[in-house]
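The values are calculated or read from the model by the stated rules, or taken from the named source; none is laboratory data. Keep in mind the model is a prediction, meaning the values are calculated, not measured. Because the Cβ atoms are built from the backbone with ideal geometry, glycine has one as well, and the counts that use them run over all protein chains shown. These accessible areas exclude ligands, DNA and RNA; they are computed on the full protein's heavy atoms, side chains included. Shrake-Rupley method; radii C 1.70, N 1.55, O 1.52, S 1.80 Å.
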Amino acid sequence: MAERRWARASVRLRTTAAAVLVVALVLLLGAVALVLLVRGSLGEGIEASAEQRAAELAAQVEASGPPAPGTAAEDPGDTEDSGDPEDREEPEELVWQVLAPDGTVASGSQPLTAPLPAEDADTAELPGADHGYVVVTEDVRSGDREYVVVVAASLEEVDDSTDALLPPLLVGLPLVLLLVGGTTWVVATRALAPVERIRTEVEQITGDRLDRRVPEPPSRDEIHRLARTMNQMLARLERSRDRQQQFVADASHELRSPLASIRQTAEVARAHPAALPEGELAEAVLEESARMQRLVEQLLLLTRAAGDPHERRSQDVDLDDLALGEARRIRREGLGGGLGVDTAGIGPGRVRGDEVALAQVVRNLVDNAARHAISTIRLAVREVDGAGADPAVELVVEDDGPGIPEAERERVLDRFVRLDEARARDAGGSGLGLAIVRETVAAHGGTVTISAAPTGGARVVVRLPAPAGEGRS
């Protein structure tokens, strides 16, 4: 029990851990991307301001030369300027210098211990500053001299914005992960609940309790399909078990009679050796053993007919050839004392299935008709197209015997049903022929119906589906 609980918990734990890990990775990548995006956007804005300032300074230098050392360049947007460096914030956020051709500072917004870099830089350190600066340069010519205008813009705003963004991310991401983990755990628990009910039911199913079925959840999802598939599997196993038990029961019941006959004859021969004519014991043993052999063979045929259809060989079978072959056999063997066989109704008819099994169907029907016919049996094969129905092929076998009462026409298709016990046994019937016919035809997707023949005997109609794409010839 503890192992099962741990197994269920481990599934939920693995699912939750995987979900949290994936979400954590996505959120981490998203947070990094957000920080980089914000930092890049702000940095681009500051760099654009520095480039604009450098362009204004370059225009001023080109027009009138560099400003006087220690003074600020004129800003077209400034309307008031006190001239006092302490009253101006621009040098703190935006520092500029005009470098002479020899690299010395010709003019600058404020005195620095070293010139600004003469090349563009994304981040530069200025003496005395606790944050970085972005540096923008622009070459300009004034008169016959070339100057370099350098503008350094503070990145303090970028750093402050980034620092302000990190605390919400550091607090929010764990909360989101906690919410995702809890939600995943609850959802996984609810999703696995039907699986646990199915497992509990399957655990109680044994070979004697194949009638039990697992619960099918109402949701039309994978678990519902799994439960339905398991129930279908249990149904197949139950049918297989029932067939096996039926086979054993039928074999035991039917073999009891010939075995009892052999034993009775042998006991009489041993107790009263002179009571039986010479050779009668051997003749009885041979007769009953042949009867048992036929019975076993038919039981095996019946089991094969009711077996898995996927195990059969499927091919195109000409049902008319099988019917004509059985008609020739009846005439050749002289069954029924010179019985007449009418084959005028046999036309072309092709089906798809197991040729050996279908040949047994035709033989059983013909033998059954021959045992009960008085003078004639009629065979017919035809293709039929019902209104709105799929094309099919019908095999019709009629006899002019006593017929089958309407109330018994369904029952004679069951196993070991004989309407005339003594006659059936004398003629070698076992009561399995028509049962084999019904099982085999059903396995091929067909039907068997019994009615009265125009001559008064029995009329058996086997209807089998025609191969796909074939219609009336």
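Filter region 125-146 for residues that are at pLDDT below 80 and in contact with a Pro (Cβ under 9 Å, 6 or more places away or on another chain) and give the result.
none
Looking at Glu254 and the list (1) farther than 24 Å from Val417 by Cβ; (2) touching a residue at least 60 places away in the same chain (Cβ under 8 Å), which single condition is not satisfied?
So the condition that Glu254 fails would be (1).
Can you name the residue in region 111-123 that is more than 14 Å from Leu57 (Cβ to Cβ), part of a loop (DSSP other than H, G, I, E, B) and not charged (D, E, K, R) and, of all such residues, is farthest from the chain's Cα centre (by Cα)?
Pro111
Can you name every residue in region 348-380 that is open to solvent by less than 20 Å² (accessible area, probe 1.4 Å), over 10 Å from Glu398 (Cα atoms) and outside any helix (DSSP H, G or I)?
Residues satisfying the conditions are Gly349, Val351, Gly353, Asp354.
Do we find that Leu28 is within 19 Å of Gly132 (Cα to Cα), surrounded by fewer than 14 Cβ atoms within 10 Å (Cβ to Cβ) and modelled with pLDDT of 90 or more in this structure?
Spelling it out, it is not the case that Leu28 is within 19 Å of Gly132 (Cα to Cα), surrounded by fewer than 14 Cβ atoms within 10 Å (Cβ to Cβ) and modelled with pLDDT of 90 or more.
Report, by residue number, each residue of region 261-286 that is open to solvent by 50 Å² or more (accessible area, probe 1.4 Å), out of contact with any Leu (no Cβ under 7 Å at 6 or more places or on another chain) and assigned to a helix (DSSP H, G or I).
Correct list: Arg263, Gln264, Glu267, Arg270, Ala271, Glu280, Leu281, Ala282, Glu283, Val285, Leu286.
For a quick check of your reading of the model, give me the residue pairs whose first member lies in region 296-324 and is open to solvent by 30 Å² or more (accessible area, probe 1.4 Å) and part of a helix (DSSP H, G or I), whose second is at pLDDT 70 or above and among the aromatic types (Phe, Trp, Tyr), with beta-carbon atoms closer than 9 Å and at least 6 apart or on different chains.
That search, which allows pairs on different chains as well, returns Leu300/Phe247; Thr303/Phe247.
Just need a number here: residues in region 31-49 that are surrounded by 15 or more Cβ atoms within 10 Å (Cβ to Cβ) and either closer than 22 Å to Val134 by Cα or among the β-branched types (Val, Ile, Thr) (or both).
Count: 8.
Please give the number of the condition Val149 fails out of (1) over 30 Å from Gly65 (Cβ atoms); (2) touching a Pro at 6+ places or on another chain (Cβ under 9 Å); (3) outside any helix (DSSP H, G or I).
(1)
If you check every pair at least six apart or on different chains, which have Cβ atoms under 6 Å apart with a residue in region 363-379 that is closer than 19 Å to Gly345 by Cα first and a residue that is polar (S, T, N, Q) and at pLDDT 90 or above second?
From region 363-379, the pairs are Leu379/Thr343.
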